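All remarks here apply to the structure that follows.
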Ligand code: LM2
Ligand code: CA
């Protein structure tokens, strides 16, 4: 398949959900680049309907790059700044549909629109009218309906038409001209894979593609049929990982990945949560789970399956609420930990990005589990992680790492920089063993990129 996992050694994606462009730019320089993130995923940049909710961004009214997140000039400058920091940019791209209000109105940047009328872009003949009640998708067991009816009333583009495909490709080519490196294709399940392939063939150059196809048991449209176009999100991953932490056993993670019926690792894109699952899927681990969430991300970043995205969020109690700084519908800068959760900066998560980069390509070896919530494994010759999610500490145990002898920074509890470690140091002996105590619901991680 034409799939391409994000390239480069540093290929963890940080999804800075709802961050404005100037804030993304400064985060690339201050944190994402230095911590080893290879990509930032940004919210949809096109003009959208007005409103305070986060989801206005998922209702395009034109393809002008003018939105609550910032202007075209700010977007362009952000891409350049991130590139200078060694961080590539993936854009959340909304191409299945336009807006959802029946009434129409004026968009964020002043464009007027109707439900099936976007002057100069699309007219009524460019949309599907599926003829089912309210033109709405209701039966996910009906392939045709899922791709030709409307998702929550959003006017559904005729992606089989060459004009529509060309118009979408023109938008994506405009983004490519500004230097973007990849696209998250929103609502991919609602477009036939062949339509996405046709749009992709009109792009001016190659780009990373990750398609959002939510797995649903027994549904006719599955994530596997999209892998010819690029990566596909493996939604089972975050749900199953949460279930292991919440109700079952970490010991079962021994063969986590393809053996669980998932997509092939090379085309799978995974996360603990994303902006939708953190709101709408019960049981999924999110920032609200604090330490457990950090451990789940540590596991994801240490375990070689799929390409990984770290979600970065803001606190919410109402699922529709926009981000804190945007309460007055203004574009203000993001300030971490003041309503913005900034999970990508949490010590455990940010340091495990370094673990991921240092262990890339090394096979899992030396798996250990106690049958329940205490697990450990190495990435051959490069790193070692043990997670103790038992309710009690595990004391006085030795761990076989197979790592070169030496002194390693425990990157769960400390940060390695300029050759020193701000936390505990783990000593691996000449036989490849270390001894340490692991508190309840805690972990130890060491790798060759953080060796003293
Ligand atoms: C996606 N992937 O396929 C996004 O990840 C998801 O966040 C989007 O839904 C959805 N598809 C459409 O792009 C969000 C949000 C919805 C919201 C839509 C459109 O989860 O709640 O729908 O964006 O903004 C809202 C209202 C809904 C209303 C609709 C149209 O909640 O009740 O439908 O607007 O006015 C009548
Ligand atoms: Ca569609």
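The values are calculated or read from the model by the stated rules, or taken from the named source; none is laboratory data. Keep in mind it's a predicted model, so treat the numbers as computed, not measured. With ideal geometry, Cβ positions are generated from the backbone for all residues, glycine too; neighbour counts draw on all protein chains shown.
Residues that are more than 23 Å from residue 290 (Cα to Cα) and touching a strand residue (DSSP E or B) at 6+ places or on another chain (Cβ under 9 Å): find the strands (runs of 3 or more DSSP E) completely inside the stretch 380-422 holding 3 or more of those.
The strands (runs of 3 or more DSSP E) meeting that bar are 394-400, 406-409.
On the basis of being touching a residue at least 60 places away in the same chain (Cβ under 8 Å) and surrounded by 18 or more Cβ atoms within 10 Å (Cβ to Cβ), does residue 237 make the cut?
When the stated conditions are applied, residue 237 passes them.
Residue-by-condition table, conditions (1) within 16 Å of ligand 2 (Cβ to nearest atom); (2) modelled with pLDDT of 95 or more; (3) at positive phi; (4) outside any helix (DSSP H, G or I):
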| residue | (1), (2), (3), (4) |
| --- | --- |
| 75 | no, yes, no, no |
| 141 | no, yes, no, yes |
| 168 | yes, yes, no, no |
| 174 | no, yes, no, no |
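With the requirement that a residue be assigned to a helix (DSSP H, G or I) and either surrounded by fewer than 20 Cβ atoms within 10 Å (Cβ to Cβ) or out of contact with any strand residue (DSSP E or B) (no Cβ under 9 Å at 6 or more places or on another chain) (or both), what does the stretch 200-219 give you?
Once the filter is applied, which keeps residues that are assigned to a helix (DSSP H, G or I) and either surrounded by fewer than 20 Cβ atoms within 10 Å (Cβ to Cβ) or out of contact with any strand residue (DSSP E or B) (no Cβ under 9 Å at 6 or more places or on another chain) (or both), the stretch 200-219 yields nothing.
Has the stretch 96-106 got at least one residue that is exposed (fewer than 15 other Cβ atoms within 10 Å of the Cβ), within 16 Å of ligand 1 (Cβ to nearest atom), at pLDDT 95 or above and within 26 Å of residue 269 (Cβ to Cβ)?
The answer is no; no qualifying residue exists.
I need the full set of residues from the stretch 77-109 which are part of a loop (DSSP other than H, G, I, E, B) and within 16 Å of ligand 2 (Cβ to nearest atom), in order please.
Residues satisfying the conditions are 94, 95, 96, 98, 99, 100.
For the stretch 424-438, give me each residue that is in contact with a strand residue (DSSP E or B) (Cβ under 7 Å, 6 or more places away or on another chain) and part of a loop (DSSP other than H, G, I, E, B).
432
Give me the residue from the stretch 176-191 that is at negative phi and assigned to a loop (DSSP other than H, G, I, E, B) and, out of that set, nearest to ligand 1 (Cβ to nearest atom).
186
Could we say that residue 445 is modelled with pLDDT of 95 or more and within 27 Å of the chain's Cα centre (by Cα) here?
Taking the combined requirement at face value, the residue satisfies it.
Can you tell which of 136, 66, 150 is more than 23 Å from residue 210 (Cα to Cα), within 12 Å of ligand 1 (Cβ to nearest atom) and at pLDDT 95 or above?
On inspection, the qualifying residue turns out to be 136.
Testing residue 164 on (1) more than 16 Å from ligand 1 (Cβ to nearest atom); (2) within 26 Å of the chain's Cα centre (by Cα); (3) not in a loop (DSSP other than H, G, I, E, B), one condition comes back false. Which one is that?
(2)
Tell me, yes or no, whether the stretch 387-400 has at least one residue that is closer than 11 Å to residue 432 by Cα and under 32 Å from the mean Cα position of the chain (by Cα).
Scanning the stretch 387-400, I find no residue that is closer than 11 Å to residue 432 by Cα and under 32 Å from the mean Cα position of the chain (by Cα), so the answer is no.
Which numbered condition trips up residue 361, out of (1) under 28 Å from residue 32 (Cα atoms); (2) surrounded by 15 or more Cβ atoms within 10 Å (Cβ to Cβ)?
(2)
Please give the number of the condition residue 115 fails out of (1) away from ligand 2 (no atom under 16 Å from the Cβ); (2) crowded, with 16+ Cβ neighbours inside 10 Å.
Tallying (1) away from ligand 2 (no atom under 16 Å from the Cβ); (2) crowded, with 16+ Cβ neighbours inside 10 Å, residue 115 fails exactly one: (1).
Only one of 55, 19 is in the same structural domain as residue 310 (by TED's automatic domain parsing) and part of a loop (DSSP other than H, G, I, E, B); which?
Result: 19 is the single residue among 55, 19 that is in the same structural domain as residue 310 (by TED's automatic domain parsing) and part of a loop (DSSP other than H, G, I, E, B).
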